[in-house]
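Here's the structure, in structure tokens; my notes come after.
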Amino acid sequence: MRTVNVALAERGYAIHIGRGVLSAPDLLAPYLTHQSVAVVTNETVAPLYLHTLRANLAELGVQPLEIVLPDGEQYKNWQTLNQIFDALLAHHCERNSTLIALGGGVIGDMGGFAAACFQRGIAFIQIPTTLLAQVDSSVGGKTAINHPLGKNMIGAFHQPRLALADISTLATLPDRELSAGLAEVIKYGLIRDADFLSWLEANMTGLMARDEALLEEAVFRSCQHKAEVVAADERETGERALLNLGHTFGHAIETGLGYGVWLHGEAVAAGTVMAARLSALLGYLTEADVRRVEAVLQAAGLPVRGARLAKANGARYLELMRHDKKVQDGRLRLVVLEAIGRAAVSDRVADTELLAAIDATCD
Ligand SMILES: NC(=O)c1ccc[n+]([C@@H]2O[C@H](COP(=O)([O-])OP(=O)(O)OC[C@H]3O[C@@H](n4cnc5c(N)ncnc54)[C@H](O)[C@@H]3O)[C@@H](O)[C@H]2O)c1
Ligand SMILES: [Zn+2]
């Protein structure tokens, strides 16, 4: 087992990464000082891993309230969130209750938001079971639900007390979901660690074959990156924005097609190609760099062409992108790559350049 510490003073916490950390009650014990525990999970993850967590909690003398939600990005909404509150209230949960999210990023984001709001904030533990959630969404305290007009528009910052990333849970992950997680792993290489990108290129076959030692290394290094960024800029006033590489384009795809049609990681992959293309148009990346970005994403089983969203495709992208949170004073703030391994935010990209990058990436 390896541990990454998210250094946020009194909100700091540990991420334990390894095979079997879900089956180790002693990792949870220090955080469950009160008996009242609610586990939020979904219909897919519950039959796979809830019994293990339940057995651990039983060893600690805890009988949790189990809240099993429907599965899917399309349920990451107000109605489903309210089901959590209904259950917490019906079962008399209170200020000192702990909420554990067991599942992917949808469960982590929604469970975390419920924990942030319930009684103005209760203790929260993340047990991410997808690669994407282990390397990204469970780290850094962003929680949210979607609104029909935009992804993750309603949310809060609420740091967990602990995160347990059990690599063994990745064995049951569908191939598409594994690839989606790799999109975020590749992102860390592209924005801040060219060596890591080379390591990923060299080991992609093994990662795709789910070699557990390689997956553990990838999760560990990704969590280190995210933890560093979050510790430097918890509230995204600076460096944290670089983690949005490809996301403004990608969110346009997710919102434009309807949530759940493309996976988040898939949309981010196509969006990353658009961002790389834009970076080339702005004179930062070479054509060979753009091809390298495409190649590594493709090797991870990810799409490198964007979805067509409308007849006037570019205009629709721009319209959706302007709804994204990354707009400040009416200006789009886009992450561009200055080189492979180095990113920056620009709010000076002209629409013509944006349209050219989108056009070049959509069929
Ligand atoms: N908070 C953040 O900082 C942050 C960062 C990135 C993404 N996100 C959010 O995360 C969400 C995407 O997360 P995701 O990719 O984990 O999707 P997800 O939560 O929908 O999980 C993907 C699918 O895998 C299933 N699943 C989960 N664990 C499994 C396992 N071990 N075996 C088999 N199936 C399993 C899920 O039930 C689901 O069907 C998006 O809503 C995105 O906005 C948040
Ligand atoms: Zn993402």
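The values are calculated or read from the model by the stated rules, or taken from the named source; none is laboratory data. Predicted model, so just to flag it, every value in this text is computed and none were measured. Here the Cβ positions follow ideal geometry from the backbone for every residue, glycine too, while neighbour counts run over all protein chains shown.
Descriptive notes on the structure:
- Residue match in the range 177-194 (condition: within 24 Å of Gly20 (Cα to Cα) and more than 14 Å from the chain's Cα centre (by Cα)): no
- Screening Val230 with (1) among the β-branched types (Val, Ile, Thr); (2) over 23 Å from Leu309 (Cα atoms); (3) away from ligand 1 (no atom under 13 Å from the Cβ); (4) within 17 Å of the chain's Cα centre (by Cα) gives one miss only, at (3).
- Screening the range 177-205 for residues that are touching a residue at least 24 places away in the same chain (Cβ under 8 Å) and among the small types (Gly, Ala, Ser) and picking the one that is nearest to Ile340 (Cα to Cα) gives Ala194.
- Members of the range 146-176 found to be more than 25 Å from Ala300 (Cβ to Cβ) and among the charged types (D, E, K, R), listed by number: Arg161
- Residues within the range 206-224 that are free of Cβ contacts under 8 Å to residues at least 24 places away in the same chain and in a helix (DSSP H, G or I), tallied: 4
- Of all residue pairs spaced 6 or more apart or on separate chains, those with beta-carbon atoms under 8 Å, a first member in the range 234-249 that is over 19 Å from Ala269 (Cβ atoms) and touching a residue at least 24 places away in the same chain (Cβ under 8 Å) and a second member that is assigned to a helix (DSSP H, G or I) and more than 13 Å from ligand 1 (Cβ to nearest atom) are Glu234/Arg11; Arg240/Ala232.
- Of all residues making up the range 43-84, the number that are of a type in the set (Val, Ile, Thr) and outside any helix (DSSP H, G or I): 5
- Out of Val219, Val273, sole residue that is more than 14 Å from ligand 2 (Cβ to nearest atom), within 15 Å of the chain's Cα centre (by Cα) and modelled with pLDDT of 95 or more: Val219
- Answer from Ala38, Ala101, Ala87 - the residue that is in contact (Cβ under 8 Å) with a residue 24 or more places away in the chain and under 20 Å from the mean Cα position of the chain (by Cα): Ala101
- Residues located in the range 257-274, provided they are away from ligand 1 (no atom under 13 Å from the Cβ), under 13 Å from Lys187 (Cβ atoms) and out of contact with any Ser or Thr (no Cβ under 8 Å at 6 or more places or on another chain): Thr272
- Residue in the range 170-180 that is near ligand 1 (Cβ under 10 Å from one of its atoms), surrounded by 24 or more Cβ atoms within 10 Å (Cβ to Cβ) and within 17 Å of Tyr259 (Cα to Cα) present: yes
- Close pairs (9 angstrom Cβ cut-off, 6 or more residues apart or separate chains): modelled with pLDDT under 95 in the range 152-176, among the hydrophobic types (A, V, I, L, M, F, W, C) anywhere: Asn152/Ala144; Asn152/Ile145; Met153/Ala144; Met153/Ile145
- Qualifying residue in the range 18-25 (condition: in a strand (DSSP E or B) and closer than 30 Å to Ala232 by Cβ): yes
- Tallying residues that are more than 26 Å from Thr3 (Cβ to Cβ), more than 8 Å from ligand 1 (Cβ to nearest atom) and modelled with pLDDT of 95 or more within the range 114-149 yields 6.
- Within the range 238-256, tally of residues that are more than 15 Å from the chain's Cα centre (by Cα) and either within 14 Å of ligand 1 (Cβ to nearest atom) or among the small types (Gly, Ala, Ser) (or both): 5
- Every listed requirement among (1) among the polar types (S, T, N, Q); (2) at pLDDT 95 or above; (3) under 22 Å from Gly150 (Cα atoms) is met by Gln328 save one, (2).
- Boolean, Ala183 is under 26 Å from His323 (Cα atoms) and assigned by TED's automatic domain parsing to the domain that holds Ala269: yes
- Within the range 26-40, the set of residues being buried (at least 16 other Cβ atoms within 10 Å of the Cβ) and not hydroxyl-bearing (Ser, Thr, Tyr) comprises Leu27, Leu28, Leu32, Val37, Ala38, Val39, Val40.
- Only listed residue being surrounded by fewer than 16 Cβ atoms within 10 Å (Cβ to Cβ), within 27 Å of Thr33 (Cβ to Cβ) and among the hydrophobic types (A, V, I, L, M, F, W, C), chosen from Leu89, Leu102: Leu89
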